[in-house]
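Read through the structure below, which is laid out as structure tokens, and then see the notes.
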Amino acid sequence: MVQQMTLQQLTMCLESSHVNRCHVVYKTTDTIGRHTLGVILLCEFLTNRRASRELLMAAAVHDLPELITGDTPASAKWRSAELKTALDNLEDQVLVELGVRDYIVGLSERETAVLKMADLFELLYFALMEIAAGNTYASSIFYKVQKALNALLNTWIKEEIFGERDSEIINARHLLLELTVENAEEILCFC
């Protein structure tokens, strides 16, 4: 059962939206708040607007621990299993302290996969924005995330979390085909 948040927990959750993300590679200042909105919208897109309330709430709170940890670069976590484990444990502790851990651990395996997809696709979009703005460093991250998404989709199909014809897979594959460095400016120009 989800318990009512305290005023202090609510305040900390709201403050986390101001934490800067991707501060090592990118030129544009990004925040947890902007990223979170993107993840929520991508959850809706990937599920054809059928995302459960639980999935949307998990998307809304998934990065709240970064209020305490900051946005630790993924490259640091990839290089050190000990650092990743310590951060995972600390983030779990912060989710408990904020009273929102139930939103994350209550997801089905399929919803957890959709949240992971949405989180990575949002990073892909942000990398494209940076590339379009002339930041050549963002290309390497774009291609790493693109490769990781393809691998995850194949793994989830192999493990039968999704089928080839499930809307989440179809929508994800469509995004991967459309989101390319070559058409970044066209995709991102909405004027």
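Just so you know, all these numbers are worked out from the coordinates, no wet-lab data involved. Please read these numbers as outputs of a predicted model, since none were measured by experiment. Don't worry about glycine lacking a Cβ; one is built from the backbone with ideal geometry, like all the others, and counts go over all protein chains shown.
Per-structure values
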| read-out | value |
| --- | --- |
| Total residues in region 118-160, condition aliphatic (A, V, I, L, M) and either in contact (Cβ under 8 Å) with a residue 40 or more places away in the chain or farther than 13 Å from Ala172 by Cβ (or both) | 11 |
| Members of region 95-122 found to be over 16 Å from the mean Cα position of the chain (by Cα) and of a type in the set (S, T, N, Q), listed by number | Ser108 |
| Number of positions in region 32-59 that are crowded, with 18+ Cβ neighbours inside 10 Å and over 11 Å from Val114 (Cβ atoms) | 6 |
| Region 161-170 - residue that is assigned to a loop (DSSP other than H, G, I, E, B) and in contact (Cβ under 8 Å) with a residue 40 or more places away in the chain and, of those, surrounded by the fewest Cβ atoms within 10 Å (Cβ to Cβ) | Ile161 |
| Residues that are over 17 Å from Val145 (Cα atoms) and surrounded by 14 or more Cβ atoms within 10 Å (Cβ to Cβ), drawn from region 171-187 | Ile187 |
| Residues within region 95-149 that are in a helix (DSSP H, G or I) and among the hydroxyl-bearing types (Ser, Thr, Tyr), tallied | 6 |
| All positions within region 141-159 that are out of contact with any Leu (no Cβ under 9 Å at 6 or more places or on another chain) and of a type in the set (Phe, Trp, Tyr) | Tyr143, Trp156 |
| Failed condition for Gly38, given (1) touching a residue at least 60 places away in the same chain (Cβ under 8 Å); (2) assigned to a helix (DSSP H, G or I); (3) closer than 16 Å to Glu168 by Cα | (3) |
| Selected residue [under 19 Å from Trp78 (Cβ atoms) and in contact with a Ser or Thr (Cβ under 9 Å, 6 or more places away or on another chain)] from Ala127, Ala138, Ala133, Ala151 | Ala127 |
| Leu67 being in contact with a helix residue (DSSP H, G or I) (Cβ under 9 Å, 6 or more places away or on another chain), closer than 30 Å to Asn183 by Cα and in a helix (DSSP H, G or I) | no |
| Selection from region 95-110 of residues that are out of contact with any Ser or Thr (no Cβ under 9 Å at 6 or more places or on another chain), of a type outside the set (Val, Ile, Thr) and in contact (Cβ under 8 Å) with a residue 24 or more places away in the chain | Leu95, Glu97, Asp102, Tyr103, Gly106, Glu109, Arg110 |
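Residue-wise test of (1) part of a loop (DSSP other than H, G, I, E, B); (2) without any contact (Cβ under 8 Å) to a residue 40 or more places away in the chain; (3) more than 15 Å from the chain's Cα centre (by Cα).
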{"residue": "Leu42", "(1), (2), (3)": "no, no, no"}
{"residue": "Met57", "(1), (2), (3)": "no, no, no"}
{"residue": "Ala60", "(1), (2), (3)": "no, no, no"}
{"residue": "Asp63", "(1), (2), (3)": "yes, no, no"}
{"residue": "Asp71", "(1), (2), (3)": "yes, no, no"}
{"residue": "Ala76", "(1), (2), (3)": "no, yes, yes"}
{"residue": "Thr85", "(1), (2), (3)": "no, yes, yes"}
{"residue": "Asn89", "(1), (2), (3)": "no, yes, yes"}
{"residue": "Gln93", "(1), (2), (3)": "no, yes, yes"}
